[in-house]
Amino acid sequence: ITTNIKIGAGGAYSIISKSLGLEAGGSIGIPLYIAQTLSAALYIIGFTEAWIRVFPGHPYVVVSVVAWAILLVVSAVSAQLAIRTQYFIMAIVGVSVVSFVLTRAVPVPEPILIGDFEDAGFWQVFAIYFPAVTGIMAGANMSGDLKDPRRSIPVGTISAILVTMVVYIGLAYAVSRIGSPEELRSNQLFMVDNALWGPAVLAGIMGATLSSALGSMLGAPRMLQAMAAQQIVPFHQTLAVKTKTNEPQNAALFTGAAILAALVMGNLDVLASLITMFFLITYGTLNLVVFIQQSMNIISFRPTFKIPRFVPLAGAMGCIFIMLLINPIFSVIALVTIVVIYSWLTHRELETAEGDIRGGLFLALAERASHLADKFPRHHVTWKPDFLVPVEDPEEWAGPLLFIKNATYPSGSIFAFTITPEEYAEQKEQALNDLLLPLKEQNVLVNSAVIEGNDFLSGAQSVIQTLRGGAFRPNTLFLTVGGLEKTNTPSFRQRMRQKLSLSVKQGDTVTQLVSLTLKHKMGVVILRQHPRMAFGMQQDVNLWLRDKSPNWHLAMLLALQLQLNWEGKINLVTATSNPDDVERLYSYLEQLSDQARLSSMTDFYVLSGNFLDTLKIAPRADINIFGLSTHVDTPLKFIEDVSASIKSSCLFVIDSGYESALA
């Protein structure tokens, strides 16, 4: 990643934030900062124990505090001074290694390379040892201070890993050549006792712990400052401040205070496993980020240092696997901590101008899913309400929005469009966005488009034809006719009428839109909202069914959708002018209810008389749903007649043939 972008200040936090967002970066960064802070305390305690062995009369607390104070001053003054100090420490460590390698001890007859782990299991030892190798992030943590991080971090990190690996393995082998397992387990100063010059090894032990502590005290404040600059942490205004020489002095002082508090707690061996967990989660997340970006095949990810895709995948899975092996309880604690922090940061609605890859990630997943979905035929069982909504004038169209939300939420979607002359496109687009904003805020999937043109029908035809070729295509046209209270907003609509030539009357427009929609195998929903009653208490639904009519599946699916959001009940209603059919129709409604798996609260009504007359004696409901035959010559006339006879909003539907309420 560092060879692909300039990651900026914060190291691992910056990498994760720029890839998975501030919330993910913060949820990993805060525990990692705590782990680095505790690690610094752990290293200072290690230095103190080594010092006390040389000078047993010195007070333990005084030695720890003096070492802490010196390191704090060095790290707070400047990164340059700290790095120069590291060179001096490295020289001491080098001398100590040479002093031990030149040992005069007599080799054991048969070296044992793998012990029996009598005092602790392998993974427990691994967890305690692991913080000693977390210096891999030292270079990345200094990313904001490097002139050329794209080159310096990879070269420095890989070189350090190779050198360290040779030294660690070499020393482990050398120790096994001259010491028995019993001696190594009982004598912590074995290397000191068997070196050519023991004090050099003691100095090396102290230098190594100081070096590790200094690395953490350099990196942790820079990560804290980077998080504060993005308002991730409390007191961010104070912690984000830098000196004129680019030093995060406030963050360094805060980190120093936290380390001092940890030192007062004493032995941190118990926390070593938890520290290891946070480091492993960080490394696993970094591997996951690389794997995701490789899998997305986006052109912006073109690092100069390339690796096969299985490497980061194995790294991410390996980190999780090792966490569980070390300590399942601490693993759960660490993961829960990160989830809690992520939830907290999500509610804060953080924003960054730099952006991240999350949108592209989910888009890539959607594209792959749609590619796979195209290989399988669409089935009735997967139907959900995906509405195509033509909006003639967004400024006068707010009435049906709540109904549309209830008819589509939570699994459906809405694609709204409007047709407008070019000179009004920007104004219309803003009005359409304002209209749909409440739906988006309620987590309804909404898309919209403004089509420039002077003819509504031809524009609608273009939209329908275009969307039918997409992977996420609407399956139902939603129209509104009459019944809506008109606002008294002045002349915008009149000006639009002058430019937008609706060459046919509304009835002809609806008829042509319905015909066009059915031609492209989409269902049709026509809402006539009652001007005063609207949708009443938003509870009960009357679903009118005609015996032997095939045009009822979409009506029932929409009734079920409304019942889901209104939490009311469905009444199955039918009418007959033949008294002899009443019993048969009751049986028909009961069988239909059973096959469609309707609620046991569903009521059945068979009304006797002429259809229009029965509308007046129908059970009260907040909306009545009717099927609309494609053979009706004047659908608007039928809609007006029905609406005039019943005191509620009405919904008229036409099946496309691709819906099934029995699936």
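Checking every residue in region 526-540 against the condition of being modelled with pLDDT of 80 or more and among the acidic types (D, E) gives at least one match. Consider region 344-362 and keep the residues that are assigned to a helix (DSSP H, G or I) and either more than 14 Å from L20 (Cα to Cα) or in contact with a Pro (Cβ under 9 Å, 6 or more places away or on another chain) (or both). The one that is modelled with the highest pLDDT is W344. When residues in region 531-547 are screened for being open to solvent by 30 Å² or more (accessible area, probe 1.4 Å) and touching a residue at least 60 places away in the same chain (Cβ under 8 Å), 7 of them pass.
Only residues that are at pLDDT below 90 and touching an Asp or Glu at 6+ places or on another chain (Cβ under 6 Å) were counted across region 553-582, and they come to 1.
I'm checking my understanding of the structure. Among residues of region 285-314 that are surrounded by 16 or more Cβ atoms within 10 Å (Cβ to Cβ) and touching a Gly at 6+ places or on another chain (Cβ under 7 Å), which one is farthest from I153 (Cα to Cα)? So, considering only residues that are surrounded by 16 or more Cβ atoms within 10 Å (Cβ to Cβ) and touching a Gly at 6+ places or on another chain (Cβ under 7 Å), the one farthest from I153 (Cα to Cα) is M296.
Taking residues in region 45-57 that are farther than 16 Å from L263 by Cα, and partners anywhere that are open to solvent by 80 Å² or more (accessible area, probe 1.4 Å), the pairs with Cβ atoms closer than 9 Å and at least 6 places apart or on different chains are R53/Q188.
Do you know which residues across region 462-479 are modelled with pLDDT of 85 or more and in a loop (DSSP other than H, G, I, E, B)? Residues satisfying the conditions are P474, N475. Looking only at residues in region 62-77 that are touching a residue at least 12 places away in the same chain (Cβ under 8 Å) and aliphatic (A, V, I, L, M), the one that is surrounded by the most Cβ atoms within 10 Å (Cβ to Cβ) is L71.
Quick check on my filter: what residues within region 175-204 are in a helix (DSSP H, G or I) and of a type in the set (S, T, N, Q)? Correct list: S176, S186. Of the residues A82, A50, A24, A120, the single one that is out of contact with any Pro (no Cβ under 9 Å at 6 or more places or on another chain), at pLDDT below 85 and surrounded by fewer than 14 Cβ atoms within 10 Å (Cβ to Cβ) is A120. Restricting attention to region 188-206 and to residues that are of a type in the set (G, A, S) and under 18 Å from A132 (Cα atoms), the residue that is least open to solvent (accessible area, probe 1.4 Å) turns out to be G204. Of the set (1) open to solvent by less than 40 Å² (accessible area, probe 1.4 Å); (2) under 20 Å from G26 (Cα atoms); (3) under 22 Å from the mean Cα position of the chain (by Cα), all apply to P248 but (3). When region 412-435 is limited to residues that are open to solvent by 10 Å² or more (accessible area, probe 1.4 Å) and under 25 Å from V514 (Cβ atoms), the one that is farthest from the chain's Cα centre (by Cα) turns out to be L435.
Across region 295-324, the number of residues qualifying as assigned to a helix (DSSP H, G or I) and modelled with pLDDT of 85 or more comes to 15.
Here V108 clears all of (1) more than 19 Å from F47 (Cβ to Cβ); (2) β-branched (V, I, T); (3) open to solvent by 50 Å² or more (accessible area, probe 1.4 Å) except the condition numbered (3).
Determine whether region 395-402 contains at least one residue that is touching a helix residue (DSSP H, G or I) at 6+ places or on another chain (Cβ under 6 Å), in contact (Cβ under 8 Å) with a residue 40 or more places away in the chain and either in a helix (DSSP H, G or I) or not aromatic (F, W, Y) (or both). Taking every residue of region 395-402 in turn, at least one turns out to be touching a helix residue (DSSP H, G or I) at 6+ places or on another chain (Cβ under 6 Å), in contact (Cβ under 8 Å) with a residue 40 or more places away in the chain and either in a helix (DSSP H, G or I) or not aromatic (F, W, Y) (or both).
Just one of (1) open to solvent by 40 Å² or more (accessible area, probe 1.4 Å); (2) at pLDDT 90 or above; (3) more than 20 Å from G412 (Cβ to Cβ); (4) out of contact with any helix residue (DSSP H, G or I) (no Cβ under 9 Å at 6 or more places or on another chain) fails for P550. It is (2).
The values are calculated or read from the model by the stated rules, or taken from the named source; none is laboratory data. The structure presented is a predicted model; accordingly, all values stated were derived computationally and were not measured. Counting neighbours? That spans all protein chains shown, and the Cβs are built from the backbone with ideal geometry, glycine included. In case anyone asks, the SASA skips ligands and DNA or RNA and just uses the protein heavy atoms, side chains included. Shrake-Rupley method; radii C 1.70, N 1.55, O 1.52, S 1.80 Å.
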